[in-house]
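The values are calculated or read from the model by the stated rules, or taken from the named source; none is laboratory data. Computed from a prediction, not measured in an experiment: that's the story for all the values here. Note that each Cβ is placed from the backbone with ideal geometry, even for glycine, and that neighbours are counted across all protein chains shown.
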Amino acid sequence: MVDGLALLDSVPVPLAVLEGPDLRVSLLNRCLVESFGHPWAGPATPDDWWSKAFPDPLYRRRLLESLASWAPGKEGEDRPLEARLTCGDGSEREVLIRLATLGETRLMVLEEVGAQRRAQRELEFLAFHDPLTGLPNRMLFYDRFHQALRLAKRHQRGFSVLLGDLDGFKAINDRLGHEAGDLLLKKAAGRFQAALRATDTVARIGGDEFAFLLPDTGIEGDLEAVARKILEALGEPFQLRGEPVRVGCSLGAARFPVHGDTMDLLLARADGAMYAAKSRGTNTFVHAAAGDREGPGTRPPFITFGNSALVGIPVIDAQHQHLAGLCNDLAGAIFDAQPPDQLRERLEAVSAFVRVHFALEEDLMRTFRTSDQEAHFRHHGHLLKQLAEIQARFDLQGLSATLLEVKSWLLAHIHESDQALARELLARGFPGNPESPGAPSP
Ligand SMILES: [Fe+2]
Ligand SMILES: [Fe+2]
């Protein structure tokens, strides 16, 4: 009969054997001692190991609690815990801890997180977080939304989604400059996070647009309490360039399952409610009404295309308006819960027209040799990439996500790139519309 502990001691993988609910260490194997240079380790004093490998008492307590309550995923999937371990020489290393349980005994296996994995994790972080505020970005938000929906359906629990944008942000950005505007966004993001529960998600999904995902807020009163906290978070003025600055927020909310049972319906209804909140004045919260299940005509257009979005070149303006119209048609179809085939057809119409429009602008840029072509092409490419990613991830579950992407992209892109392009084209003699704001003054 093989001696089990002697065998584990000789395994060339860092591992420990833990006993009972308090995770008493009964074996630290040779490989673990050598890998992390713990000179105190050995059969005589293995229990010291916790306090030396994890010297911060609060950190250690949380880790031990996580390890004690650890269980494999429902489908038995591997769910390693990450930890920061202090080595014998005082240096710190990141490790992944995996557990196997056999009654009261646990086998703990450690794996050091290598430089390659750390770099990969940083890349993953960047792909799913907003670099300015560190909040989850649009993609991560949709992903969490998807998960929340799945869990809420499985456990028959309610949750809410809120969409909000800052009132008065643009004026502050224009008056105090981009740097102050960025600082304001960072500070607002921090206040939102501080106002929310650990289980909530706040994401930055556009320039000054934020989205909130609030689990277990199936009751209207619970949702309102959180919405109030979000608005109150902006109550105190922000200090920017030495002066107090105030911004408000317009919030629109939709609840699962009252206002819809898909990501698209819920986002469409939260967006409609946000639009209503905006029209009622600053710092307002509007809850999608049960009446939001009514037919078309009762809801505002998804994209409103005002005069300020005109560039002054009739063919470009007409295409922008047509694109906004196609998006509004798709938003209406989602809102009215039309069959998947019709939704797919409308989505394809949006994507196809985006390409037609980009081709026209890019041809004009080449023909008239305008400046900043590369940056402009990159902006176009960015939208196409985002749209492709959303579609690949969610298929028809991501229609509202696609629309929100096009909406915030289109209006920002017109102001940041297309208006400059139009000015150059007009200056080079391209015929413009004399009544449009983009046309040069006589
Ligand atoms: Fe463009
Ligand atoms: Fe454009």
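So how many residues does the stretch 374-390 have that are within 11 Å of ligand 1 (Cβ to nearest atom) and of a type in the set (A, V, I, L, M, F, W, C)?
3
So, in the stretch 358-379, how many residues would count as being touching a residue at least 24 places away in the same chain (Cβ under 8 Å) and assigned to a helix (DSSP H, G or I)?
Summing the residues that are touching a residue at least 24 places away in the same chain (Cβ under 8 Å) and assigned to a helix (DSSP H, G or I) in the stretch 358-379 gives 8.
With respect to Leu403, determine if the residue is more than 14 Å from ligand 2 (Cβ to nearest atom), closer than 29 Å to Asn173 by Cβ and in contact with a Cys (Cβ under 8 Å, 6 or more places away or on another chain).
yes
Looking at the stretch 348-373, which of its residues are of a type outside the set (Phe, Trp, Tyr) and under 14 Å from Ala420 (Cβ atoms)?
Hits for the stretch 348-373 are Glu361, Leu364, Met365, Thr370, Ser371, Asp372, Gln373.
Wholly within the stretch 190-299, which strands (runs of 3 or more DSSP E) include no fewer than the required count, namely at least 3 residues that are without any contact (Cβ under 8 Å) to a residue 40 or more places away in the chain?
It comes to none.
Please verify whether the stretch 107-121 includes one or more residues that are outside the structural domain of Ser408 (by TED's automatic domain parsing), closer than 24 Å to Thr199 by Cα and assigned to a helix (DSSP H, G or I).
yes
Pick from the stretch 240-262 the residues that are surrounded by fewer than 22 Cβ atoms within 10 Å (Cβ to Cβ) and more than 27 Å from Lys187 (Cβ to Cβ): which of them is nearest to the chain's Cα centre (by Cα)?
Thr262
Quick check on my filter: what residues within the stretch 203-239 are more than 21 Å from the chain's Cα centre (by Cα) and farther than 22 Å from Lys186 by Cβ?
Gly218, Ile219, Glu220, Gly221, Asp222, Glu224, Ala225, Arg228
Go through the stretch 360-380 residue by residue and tally those that are under 30 Å from the mean Cα position of the chain (by Cα) and either farther than 27 Å from Asp143 by Cβ or more than 13 Å from ligand 2 (Cβ to nearest atom) (or both).
Selection size over the stretch 360-380: 7.
Report, ordered by the first and then the second residue, all pairs with beta carbons closer than 6 Å, sequence separation of six or more or different chains, a first member in the stretch 410-437 that is in the same structural domain as Leu360 (by TED's automatic domain parsing) and outside any helix (DSSP H, G or I), and a second member that is within 12 Å of ligand 1 (Cβ to nearest atom) and modelled with pLDDT of 80 or more.
Gly432/Ile313
From the list Asp182, Asp208, exactly one residue is buried (at least 21 other Cβ atoms within 10 Å of the Cβ) and either in contact with a Leu (Cβ under 9 Å, 6 or more places away or on another chain) or on the phi > 0 side of the Ramachandran plot (or both). Which is it?
That would be Asp208, the only listed residue that is buried (at least 21 other Cβ atoms within 10 Å of the Cβ) and either in contact with a Leu (Cβ under 9 Å, 6 or more places away or on another chain) or on the phi > 0 side of the Ramachandran plot (or both).
Pick out the one residue from Ser441, Ser436, Ser417 that is within 16 Å of ligand 2 (Cβ to nearest atom), modelled with pLDDT under 80 and surrounded by fewer than 20 Cβ atoms within 10 Å (Cβ to Cβ).
Every option except Ser436 fails the conditions.
From Arg355, Arg346, which residue is part of a helix (DSSP H, G or I) and more than 16 Å from ligand 1 (Cβ to nearest atom)?
Testing whether each residue is part of a helix (DSSP H, G or I) and more than 16 Å from ligand 1 (Cβ to nearest atom) leaves just Arg346.
Quick test for you: out of Gln386, Gln319, pick the one residue that is surrounded by 17 or more Cβ atoms within 10 Å (Cβ to Cβ) and within 13 Å of ligand 2 (Cβ to nearest atom).
Gln319
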